[in-house]
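Rule-based calculations on the coordinates, nothing more; no lab input. Quantities reported herein were computed from a predicted structural model and do not represent experimental measurements. Cβ placement follows ideal geometry from the backbone for every residue including glycine, while neighbour counts extend to all protein chains displayed.
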Amino acid sequence: MKSAYELAMERLGGTMQQLSDEQKEKLAAVDREFEAKLAQAKFAAQDRLKRAQADPEKIWQIQEDLEVELRSIQVQKENRKEKMRKEFNNS
């Protein structure tokens, strides 16, 4: 299965650098780290939703906050992986 990065590179006509197994593992470790952060954010939001006690305004705010947090985590992950890819290219 191709990553979003690989698919984007294909669409843009760019060339993909061949990554070593070690480099692939480093990128996979970043994926695992950020998947854990995503799960943690979701669990925390679920806990806050339980405590909101059917207050529509609180529920809406918790859901909005969660969406912002999830997007932020995704951006952080992609930024870290892109920085790593650049470092791989320079070595």
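The set of residues in segment 42-91 that are surrounded by 12 or more Cβ atoms within 10 Å (Cβ to Cβ), within 12 Å of the chain's Cα centre (by Cα) and not basic (K, R) comprises E69, L70, S72, I73, Q74, Q76, E78. Only one entry of L12, L7, L38, L19 meets the criterion of being in contact (Cβ under 8 Å) with a residue 60 or more places away in the chain, among the aliphatic types (A, V, I, L, M) and under 30 Å from N89 (Cβ atoms), and that entry is L19.
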